[in-house]
Each structure stands twice: as structure tokens, then as C-alpha cells.
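Taken together, the values in this text are just the output of simple stated rules run on the coordinates, not laboratory data. No experiment lies behind these values; they were computed from the predicted model shown. Here the Cβ positions follow ideal geometry from the backbone for every residue, glycine too, while neighbour counts run over all protein chains shown.
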Amino acid sequence: MFTQAFGPFSSLVDLTVLLDTADANKKHGFDVWNTAPNPSDAISKWKTWLDLPDTAKAAIERECDVGDIAAELDDTLEKHNLYSHLSLERKKILSDFDKEHAKYQPKKRKRVPDEVYDDPDIDAFKEKLENISLECWSLPPQADLFVRRALPFEHNALSKTKECKATSSKSLQAKDVLLYITVYDKSASHPYQVWKSSSHILPSTSTLEDIWNAIPCPAKEYPEEVLADDGSLVEFDTSRTTDRGPCFCVHGATYGDGGDAQYAQKVLDYLATCKVPPNRPRVTLKPGGLISDTTLDSLPLILHFPNWILHNGNCEHYFAVTHIRLRHPSDPVDGYPLTTHLTPVSRGLCRICDFVPASHAIVNDLRLDDSPFVVCKRCLDFLGEPTSYNDSRLVVPLVEHKTW
Ligand SMILES: [Zn+2]
Ligand SMILES: [Zn+2]
């Protein structure tokens, strides 16, 4: 499962070696960010290219030459009326195609607006486009095999990179390398699959705690339970949230937050005592320290390798380092961790009115089909207070999804 979801793993990446190599290159006058002003200058020095006969070179140059359309492309991109027409037309073609061929049809489909214009430039441009003889310009029905609807986690709730505004935000240091981290959650509908929930960029001097603070999770917002003297649950206190854990498991070691829950130690205790089938090896981990003290550059990192996180009961996440690079002069200096992707979260609708997103879950109410039964605030008020035969009923407020 994991190899399919996370992709081939790299070998161990040592950030110190990466920085030393970059320093050594700099000393020899090689700047990785300084690309050649003319790429063809670089190509002209390649041995493979020099060894080619002149006729082969001329044929390749002819085939790759885009000089005839370069001026026209530049012109279209610069004229906003032409470009907006082109982009709207393309959206419309894709939308119509999707409507005809998609196997799953959502109830509400976003409609691409009709274009209203009175512009001779666009008329001329349109005519030119209609006369394009390139076969791949239009989408034939056979293209259905290669087109699919975007999956929920492929949508991004952010329109631009989000900086961290908290006081714990980090600034880039001179010796920092940037790590791209993707966080995955278990899919609600397919528990053996993981879905991307967010992506972040962190400096290598960040700690595991910085990753933890950047991860959005509704389980961090669960209201505190109020218990009676006999230990039974009375109600939930929404003014206080409970967040037990987390335990990070990275490269054979567990890292905890030093809190009362001690999830890191509990995981170690469990692994030491759990029953293992005779043909399976026992998983062993070693204690690794506190997440607040463990910086990312002190950890052995493997690209695309899932690292496990457990917190607050049985809420699990995985994070994988997907990319490591040197800092670029145009990188922002403050506001790390940066969040580049947040998968939108849709809340279920009220089971009574089927219209408003549910805000409460009702447990053990004899009048309702299921337990728990999710309802909106208005429908909850209509249901009224529990009656004498229904005194074990409990109303639990659902977690509000925040844009962290
Ligand atoms: Zn969680
Ligand atoms: Zn309702």
C-alpha cells in the first residue's frame, strides 16, 4: 500500500553533506542558481551534441524550432482580451467534455460563464483558432480514457502560499536547507488508503514540533470531556480542547511531546508486549527524545518515506519529505512553516433537514434511527430536551473546521 501511495523511497539524505557540497561548489565559483543566460550556449558544449553530424544537428534544430509561433504566442499572452477568450474557451470545452463523458455526475456543477464580447480582435482570433488543423487541438471521444475528474485531495483550498502567523514561526538561517513536507491522512471511505491533507515548506533547523503545529487536524480541537464522580460522561466543555500526544515515529525511533499522555512511551510498551504471529518479526523502536528538541537536520531523512504520527486516541497521520533544496535568494525570509496546500474539508449535512451542515451529534436518542445522529443547530432545537425515558441521550458538538 505504502509504496503505491508514497512512491519509490530514496537512500538516506545527509543534509550536512548537501550543505558542504554546496559550499565547496560555491568556493569553486559554481553558483547553482545562476543558470546560463542562453541555454543553447550550454548545449553547444555537450560532447554528444558536438559528435553529431551537421545534417543531424540541422534536422533537430529544424524540428525543435518554435520561432514561427513564438511571436504569435507572446502576442496572445500579452493581449488580455485574447488570452481571456482562449482560457475561457478551453474551460468550456473541458466542462462540456466532462459533462458528456464523466461516469460520476455531481448534483451541482460549476457552470463556466458564457462569454459576452464585442471585439473585432477576438472575432479574427476565433477564426484563426477554428482553422487550426492540429488534430489534438479538439478533444475526441477517445480522450475519455485519459481524462478523469480531480480527486478531493487534488483540490487546494489555498489560492496562495500561507505564511505562519504564530509567534512560534521560524525565520530562514544562513545554513538552512528547505524541506518540502506532505502530510497524509487515512481516507474516511477507504481506511487502507491515505490521502494528501496538506503540504508545507520548513527550514531544516525546524523541529518536529514545528511540523506538528503546522498539521491541520480536527482531532486537535476535540472538546474536553466533563466526567461525573463515578467516571461517567456528563457533557463536553467546548471552551477547552483536548490534544493528547503526539508520538512521532521517524527512522526507527519514537519522539514524544513530554506531556502526561506519554504516547511515545506507550507505543514502545505496546510493541514490546504485543503478540506477534510466529512467521512475522517483532517491530522494535527505540526512544528518540522530545519533538521540541529534535531538529529535522539531525534526523536521517529518506525522501518519499512515510513517517507515522499518532495522537489523541487513535488519530493517525503520515508525513513524507518530498523535496529538499538549497535556499534561493527569492525565498521568503520569515513566516515558516509555509503552507502550500490544504485539502478542502466538507462537513456532512444534517440528517433531518438534509440542507444545512451538521453541527452536533446526538447519541442514544430513542427517537432517531442511528446513534450517533448528526443534526444542525436548528433541527437540534426542534427536537427539544431529552425526556424521562430518554435520559441517556448525549449531545456532542462537532468540531468546527478551521482554516489553520
Ligand atoms: Zn490527527
Ligand atoms: Zn437540520
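Determine, for each peptide in 323-329, 203-209, the mean count of other beta carbons within 10 angstrom over its residues, then list the peptides with the highest first.
The most tightly packed comes first, giving 203-209, 323-329.
Quick check: residue separation of Asp119 and Thr16 times 0.36 nm, minus the Cα distance between them. What number comes out in nm?
31.2 nm
Calculate the FRET efficiency for Asp260 and Ser189 from the Cβ-Cβ distance with a Förster distance of 30 Å, rounded to the nearest 0.05.
0.30
Give the peptides 121-128, 277-284, 305-312, 72-79 in descending order of average Cβ contacts within 10 Å, highest first.
Descending packing order for the listed peptides: 305-312, 121-128, 72-79, 277-284.
Using the structure shown, list the pairs from Lys26/Lys170; Lys196/Lys266; Lys170/Lys266; Lys220/Lys377; Lys79/Lys128; Lys266/Lys286 with a Cα-Cα distance above 20 Å, or answer none.
Too far apart for the 20 Å limit: Lys26/Lys170; Lys196/Lys266; Lys170/Lys266; Lys220/Lys377.
If you stretched the chain out fully between Glu400 and Ser159, how much longer would it get, using 0.36 nm times the residue separation minus the C-alpha to C-alpha distance?
84.6 nm
Measure off 7 Å from each Cα along the Cα-to-Cβ vector at Leu77 and Ile132, then give the distance between these two points in nanometres to one decimal.
1.5 nm
What's the FRET efficiency of Glu63 with His323 using the Cβ-Cβ distance as r and R₀ = 35 Å, to the nearest 0.05?
Efficiency, rounded to the nearest 0.05: 0.60.
So if each residue of separation counts as 0.36 nm, and I subtract the Cα-Cα distance between Cys353 and Leu86, what length gain in nm does that give?
Contour length minus Cα-Cα distance gives 91.9 nm.
Can you compute the FRET efficiency between Asp269 and Ser95 using 1/(1 + (r/R0)^6), with r the Cβ-Cβ distance and R0 = 56 Å? Round to the nearest 0.05.
So the FRET efficiency works out to roughly 0.50.
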